[in-house]
Each structure stands twice: as structure tokens, then as C-alpha cells.
Amino acid sequence: MIRVSLLLLSPLLPGFVFLSPLHGAEKPVQVFIFAGQSNMEGKAPNELLEHQGTDVKTKDLVAHLRRDGKWVVRDDVFIKFLDRKGPLTVGFGPPGRTGMELEFGTIVGSCLEESVILTKAAWGKHSLYKLFRSPSAGLPEEMIKKELVQAQERITKADEKNKKNDPLPAMEDIRKDYGASYRNMLAEVKNVKAFRTDVLVDKAAEKLYLTLQKSYEQWKQQGSDHAHHYLGSEFWFTRIGHAMGEATTELLDARK
């Protein structure tokens with residue numbers, strides 16, 4: 001039996017963990033799908049991990065991911081992303097980078113008896129403002145009015161040019177796209193657990209980012225990217241992976 005879990009994360013929403021069973025394997029396997037935008041790929045440079053894993057000021061924070069001076073390579077958690085696949089260790093983000101999968105796989109791999117498979121669907125460029133807008137965010141009425149005017153003008157010009165009489169869009173036609181992907185996503189999942197991500201921020205990296213030009217050498221030892229990629233901070237990605245792992249194990253325990 002395979003149990004497939006979907007893990008969704010965006011920089012503007014809480015983290016979500018979804019669980020959904022899928023039957024069909026002879027041996028029990030737990031499959032976790034990391035679904036999100038480019039931040040789900042993982043943006044912490046491996047060189048940064050190596051520095052923080054050996055620096056006396058930071059090495060204790062990632063000590064559980066290292067053994068005998070090297071990064072642990074797990075024999076119970078496996079991952080595929082892009083053209084790489086194999087036992088979980090550092091480097092399963094974009095080339096030369098690591099994401100939250102390292103800490104997440106460590107958490108669930110240590111808690112589950114079954115083997116674990118991780119894979120990512122991190123395509124990017126999907127609108128969190130519109131398509132994945134959550135109901136609690138409300139609707140941007142002024143923006144919707146502006147879109148309606150633009151859409152009606154576009155159809156009117158097309159009708160005149162092509163000698164057609166296509167109907168003009170109504171307010172409801174514009175409204176329905178807001179949150180459409182969010183609603184479709186929730187229609188596919190059964191169990192959901194959310195957790196706050198604002199409390200996981202790497203404050204040290206955030207502070208250095210604000211004075212990047214003056215503190216670039218220090219910055220390179222703490223982060224590497226912009227805010228929408230969690231500043232490329234290994235600590236930030238690790239904290240998110242840890243929170244996702246704990247939320248997942250709680251959901252799995254509740255299902256027993």
C-alpha cells in the first residue's frame with residue numbers, strides 16, 4: 001500500500017500538510033509530494049550548509065544532520081527532483097542547493113517504520129494573489145472592478161474588429177478566478193493541518209539583508225537569496241521542514 005501526502009507551502013500562506021491514501025503497492029511505502037512555487041525547490045546553497053555545519057557558532061543547529069564530519073545519507077528516505085534521485089542528503093534542490101526536504105525527511109524517516117519517498121512539484125509562477133487566494137484574504141474589490149472594465153473593453157474591441165457579438169464579461173466572471181486553484185486543491189485532499197511560518201523566520205539573515213551592501217561578507221555566511229525564497233537561509237528552510245515534519249507525523253498519528 002502506498003500512502004501519498006501532499007505538502008504545500010507558499011511565502012504568503014501558512015504551511016499546509018495534506019494526506020490522501022493511494023493503494024497499490026505490495027510493501028508499505030509513504031510518499032510525500034512537495035507542491036509549491038520556486039521557494040519549495042529549496043534555495044540554501046550547499047556551500048552555506050557546509051559553513052554552518054562546521055562553524056563553531058552554528059554547527060550545533062545542524063548537528064543532527066551530520067555524522068563523522070559529513071552530511072548524513074539516509075537509507076530509509078529516498079527523493080527525486082529534476083534529474084537527481086537517490087537516498088536523502090544535501091543537494092536535492094536546484095543545482096548546488098538544498099531545501100526543506102532535508103529536515104522533513106529526517107523527521108518523518110525517524111518516526112515511520114515504512115520507507116519514505118519524497119518528490120517535488122515546484123513549478124513557480126502561479127498567482128498566489130489571485131488563483132491561490134484563500135477565502136480569509138477576501139476579495140480585492142477595486143482590482144476586480146478594474147479587471148472587469150479592461151475585460152469588457154477587450155471584448156468590445158474584438159467584437160468590432162471581427163464583426164462579432166460576443167457577450168461582455170460580468171462581475172461574476174472576474175470574481176470566479178480568484179481562489180479557483182485554491183478551491184480545486186482543497187477539493188482533492190482529505191486531511192489538512194496548517195502551521196504558522198512567520199514564527200520560523202531567520203531573524204539574523206533578515207537583519208543582514210536590510211544592510212546587504214554594508215555587511216555582504218557576513219551575509220554570505222547567513223543567507224543567499226531574496227525574501228520570497230526565505231533569503232536562501234538554511235536555518236529558515238530547516239525550521240520549515242521541521243514544522244512540516246511534525247505536522248505530518250501528527251496527522252499520521254491521528255489516522256491510526
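The values are calculated or read from the model by the stated rules, or taken from the named source; none is laboratory data. Since the model is a prediction, treat every value here as computed from it, not as a measurement. Every residue, glycine among them, receives a Cβ derived from its backbone with ideal geometry; neighbour counts consider all protein chains shown.
Is there a residue in region 202-218 that is among the polar types (S, T, N, Q), touching a helix residue (DSSP H, G or I) at 6+ places or on another chain (Cβ under 7 Å) and free of Cβ contacts under 8 Å to residues at least 24 places away in the same chain? Yes, region 202-218 contains a residue that is among the polar types (S, T, N, Q), touching a helix residue (DSSP H, G or I) at 6+ places or on another chain (Cβ under 7 Å) and free of Cβ contacts under 8 Å to residues at least 24 places away in the same chain. No other residue among ASP177, ASP202 is within 29 Å of PRO95 (Cα to Cα) and either in contact with a Cys (Cβ under 8 Å, 6 or more places away or on another chain) or at pLDDT 90 or above (or both) apart from ASP202. Annotation note: of THR156, THR106, the sole residue that is touching a residue at least 60 places away in the same chain (Cβ under 8 Å), of a type in the set (Ser, Thr, Tyr) and either surrounded by fewer than 19 Cβ atoms within 10 Å (Cβ to Cβ) or assigned by TED's automatic domain parsing to the domain that holds LYS80 (or both) is THR106. For first residues located in region 166-183 and on the phi > 0 side of the Ramachandran plot, partners that are small (Gly, Ala, Ser) and lie 6+ apart or on another chain with Cβ distances below 8 Å form the pairs GLY179/SER134. Just one of the numbered conditions (1) out of contact with any strand residue (DSSP E or B) (no Cβ under 7 Å at 6 or more places or on another chain); (2) crowded, with 17+ Cβ neighbours inside 10 Å; (3) among the acidic types (Asp, Glu) is not true of GLU101: (1).
Does any residue of region 132-144 turn out to be touching an Asp or Glu at 6+ places or on another chain (Cβ under 6 Å), surrounded by 11 or more Cβ atoms within 10 Å (Cβ to Cβ) and at pLDDT 95 or above? No; the residues of region 132-144 include none that is touching an Asp or Glu at 6+ places or on another chain (Cβ under 6 Å), surrounded by 11 or more Cβ atoms within 10 Å (Cβ to Cβ) and at pLDDT 95 or above. Condition check: of a type outside the set (Lys, Arg), over 19 Å from ARG239 (Cα atoms), crowded, with 19+ Cβ neighbours inside 10 Å and at pLDDT below 90. Does SER20 satisfy that? In short, no. Of the candidates LEU212, LEU186, LEU148, the single residue that is modelled with pLDDT of 90 or more and either surrounded by 11 or more Cβ atoms within 10 Å (Cβ to Cβ) or farther than 22 Å from ALA122 by Cβ (or both) is LEU148. When the residues of region 237-256 are filtered to those that are over 16 Å from THR98 (Cα atoms) and polar (S, T, N, Q), the one that is surrounded by the most Cβ atoms within 10 Å (Cβ to Cβ) is THR248. If you go through region 223-236 one residue at a time, how many are assigned to a loop (DSSP other than H, G, I, E, B) and surrounded by fewer than 23 Cβ atoms within 10 Å (Cβ to Cβ)? Counting residues in region 223-236 that are assigned to a loop (DSSP other than H, G, I, E, B) and surrounded by fewer than 23 Cβ atoms within 10 Å (Cβ to Cβ) gives 3.
If you check PHE104, PHE78, PHE92, PHE34 for being more than 21 Å from ALA227 (Cβ to Cβ) and either assigned to a helix (DSSP H, G or I) or at pLDDT below 95 (or both), only one passes: PHE104.
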